[in-house]
Amino acid sequence: MKSPFKALPNSSILESLENLGALNGDNICLVKPFKDWKVSSWREKIFHFRLCNVGEGLEILEELSKAGSDSKAQLTKIYILSKAIYMIDNAFPIEPEELKHFNETHKFHLNQTDYLVEYFKNIEQIILDRLDAVYAALQRKQIRQLQGLSICDGCGETFSVIPHNSKRLLYSVSEIICNDCVESADLSNYEFEEDVKKIEPKKIIKEEKTQAYKCPHCELELKTFEELNDHLPECEKLPIHP
């Protein structure tokens, strides 16, 4: 979202407030949304989720104002997920060079968000609902993170102090499997901090003082994800496949 404040000097205290609720400190959370779908290879896919900020929420509301009342529930899920899903298994849902080639071929000016809006209209309802549920769970996770709380994925109990012999979860909307649930839970649905080396997003570079997003092609540094998302399809150093 364009803003006249982009030209003003940075305010360190306001930047700190802006990043206050960021999941894991960089506003990216790694989740396996389909970890319990054992008949699908997608149970191993790691999604890089981010939570929409206020400006993105306003953009979603603006788009919804153009829609009929019967379609708003579905479109709300689609618009949120199109902005929230940043990468899948360390790759963009559509690679920037592919999107640039698509735009030039069809005379469009789509960014990744625009592309995903159209894509999500074609997927099965059960997939859209699962991803929407994961996003809602991440919003609750954000609140727990700020309060220093952990929830057990087995029994749903919330803890201010993690019980001894509990297991910390990776790629989950919950934080732990508590000690009482470890023996009864289906552990094949989980990965744990002591068993798996955490995978960090490859194409996001966080500065020491402020978060920055660097274009992987021209190395231009952009302050927000939205600016990076708009820049990538238009990057002059982006390779184009014939």
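Rule-based calculations on the coordinates, nothing more; no lab input. Quick caveat: nothing in here was measured; it's all calculated off a predicted structure. Cβ coordinates were reconstructed from backbone atoms using ideal geometry, including for glycine residues, and neighbour counts include every protein chain displayed.
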Once you have a ≥ b ≥ c as the square roots of the Cα gyration tensor eigenvalues for segment 150-195, tell me rounded if a/c is under 1.5, and otherwise prolate or oblate according to whether a/b is larger than b/c.
rounded
What's the exposure ranking of Leu187, Leu51, going from fewest to most Cβ atoms within 10 Å?
Leu187, Leu51
For a test of the definition: using alpha carbon positions, the gyration tensor, and the 1.5 limit on a/c, classify segment 21-147 as rounded, prolate or oblate.
rounded
Please sort 139-145, 70-76, 104-110 by packing, taking for each peptide the average over its residues of neighbouring beta carbons within 10 angstrom, highest first.
139-145, 70-76, 104-110
Determine ³J(HN,Hα), in whole Hz, for all residues of segment 146-159 in sequence, where each value follows from phi through the Karplus function 6.51 cos²θ - 1.76 cosθ + 1.60 and θ = phi - 60°; x replaces Gly and Pro.
5, 8, x, 10, 10, 10, 7, 6, x, 9, x, 6, 9, 10
